[in-house]
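**Q** I am attaching a structure below and will ask some questions about it afterwards.
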Amino acid sequence: MNNNLYNSAVRACFGSPDHAGDAAGDIVAFFEDQGMRIRLSANVSESTITELRFLAWGCPHVIAAAEMFCRQYQGRPVAELELFETDQIMQDLAVPVEKTGRILVLEDTVRSLRAAIQDRLLST
């Protein structure tokens, strides 16, 4: 990775992806577009996201964005997933405008995860 292309937030998230892997639960969302693949998995207890994990195939910005999302939303109420937008992550990671579409894949995956969690909560 050429450090000149990535700010310190990208290097920190990409260099230490603490949430990489699969959650032990079976709530999963997967989205693929523009050659990018992101898989999010979660455990939920009493409407709280107790664990978030990701698998991502893409550039360092995409991997860092997935890690940043997990860091920000693990431990929060499921309802707060509705507030997720990529704008702040793109700013924090200094994502070049030409990579906007790649980061929007994360947003689509989060929407899918939110729907999967809501389906699970309604069925229990």
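The values are calculated or read from the model by the stated rules, or taken from the named source; none is laboratory data. Because the structure is a prediction, the values reported are computed rather than measured. Glycine gets a Cβ as well: all are built from the backbone with ideal geometry, and neighbour counts include every protein chain shown.
**Q** In this structure, does residue 80 turn out to be acidic (Asp, Glu) and not in a strand (DSSP E or B)?
**A** Yes: the conditions hold for residue 80.
**Q** Quick check, is residue 71 of a type outside the set (A, V, I, L, M, F, W, C), assigned to a strand (DSSP E or B) and in contact (Cβ under 8 Å) with a residue 12 or more places away in the chain?
**A** no
**Q** Restrict the check to the stretch 68-77 and report whether at least one residue is surrounded by 16 or more Cβ atoms within 10 Å (Cβ to Cβ) and more than 10 Å from the chain's Cα centre (by Cα).
**A** Scanning the stretch 68-77, I find at least one residue that is surrounded by 16 or more Cβ atoms within 10 Å (Cβ to Cβ) and more than 10 Å from the chain's Cα centre (by Cα), so the answer is yes.
**Q** Here's another thing I want to ask about it. Count, please, the residues in the stretch 52-63 that happen to be surrounded by fewer than 17 Cβ atoms within 10 Å (Cβ to Cβ) and part of a helix (DSSP H, G or I).
**A** Looking only at that region, the number is 0.
**Q** From the residues in the stretch 32-51 that are free of Cβ contacts under 8 Å to residues at least 60 places away in the same chain and in a loop (DSSP other than H, G, I, E, B), which one is surrounded by the most Cβ atoms within 10 Å (Cβ to Cβ)?
**A** Selected residue: 35.
**Q** Got a sec? Which of 9, 23, 29 is in a loop (DSSP other than H, G, I, E, B), surrounded by 15 or more Cβ atoms within 10 Å (Cβ to Cβ) and in contact (Cβ under 8 Å) with a residue 24 or more places away in the chain?
**A** 23
**Q** Could you tell me which residue of the stretch 83-124 is modelled with the lowest pLDDT, considering only residues that are part of a helix (DSSP H, G or I) and among the polar types (S, T, N, Q)?
**A** Out of the qualifying residues, it is 123.
**Q** Going by the conditions given, is residue 18 modelled with pLDDT of 95 or more, under 14 Å from the mean Cα position of the chain (by Cα) and not in a helix (DSSP H, G or I)?
**A** It is true that residue 18 is modelled with pLDDT of 95 or more, under 14 Å from the mean Cα position of the chain (by Cα) and not in a helix (DSSP H, G or I).
**Q** Just to verify a result, which residue in the stretch 78-102, among those that are over 21 Å from residue 11 (Cβ atoms), hydrophobic (A, V, I, L, M, F, W, C) and out of contact with any Ser or Thr (no Cβ under 8 Å at 6 or more places or on another chain), is surrounded by the fewest Cβ atoms within 10 Å (Cβ to Cβ)?
**A** Taking the candidates together, the pick is 83.
**Q** Is it true that residue 66 is out of contact with any Asp or Glu (no Cβ under 9 Å at 6 or more places or on another chain), assigned to a helix (DSSP H, G or I) and more than 23 Å from residue 11 (Cβ to Cβ)?
**A** no
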